[in-house]
Amino acid sequence: MTRVQMHFRLRQPLNDATMAKLSDTSAIYGIQKVKLGSDSLMVEYDASRMRPAEVEAALASAGVAADPA
């Protein structure tokens, strides 16, 4: 397992619905941890299972508007 941290800058604050969907991303195979900052987000994932584009797609499908930092 190769753990990689990917950092994102949030484009807008998260609402309750988006927070709930974001918590569900930890159930995606390969995502190990999601950590939320005041205006940022860190996703730790297994690089042997996922690529950066798949991490970004998981966040987008959860409704998170974020850009890689």
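The values are calculated or read from the model by the stated rules, or taken from the named source; none is laboratory data. Predicted model only: the values in this text are computed from it and were never measured. Glycine gets a Cβ as well: all are built from the backbone with ideal geometry, and neighbour counts include every protein chain shown. Please note that ligands, DNA and RNA were not included when accessible areas were found on the heavy atoms of the full protein model with its side chains. Shrake-Rupley method; radii C 1.70, N 1.55, O 1.52, S 1.80 Å.
Observations on the structure shown:
- Hits in region 44-69 (condition: open to solvent by 40 Å² or more (accessible area, probe 1.4 Å), assigned to a helix (DSSP H, G or I) and not charged (D, E, K, R)): Pro52, Ala53, Ala57, Ala60, Ser61
- Residues (at pLDDT below 95 and of a type in the set (A, V, I, L, M, F, W, C)) located in region 35-56: Leu36
- Residues considered: Ala62, Ala69, Ala58. Of these, the only one that is out of contact with any helix residue (DSSP H, G or I) (no Cβ under 8 Å at 6 or more places or on another chain) and of a type in the set (Gly, Ala, Ser) is Ala69.
- Just one of the numbered conditions (1) loosely packed, with under 15 Cβ neighbours inside 10 Å; (2) assigned to a strand (DSSP E or B); (3) not β-branched (Val, Ile, Thr) is not true of Ser26: (2).
- Pairs meeting the criteria (first residue in region 31-55 and more than 12 Å from Gln5 (Cβ to Cβ), second residue part of a strand (DSSP E or B) and open to solvent by 20 Å² or more (accessible area, probe 1.4 Å), beta carbons under 7 Å, at least 6 apart or on different chains) are Asp39/Arg9; Asp39/Leu10.
- Being touching a Phe, Trp or Tyr at 6+ places or on another chain (Cβ under 9 Å), in a strand (DSSP E or B) and more than 17 Å from Ala66 (Cα to Cα) is a property that Gln5 lacks.
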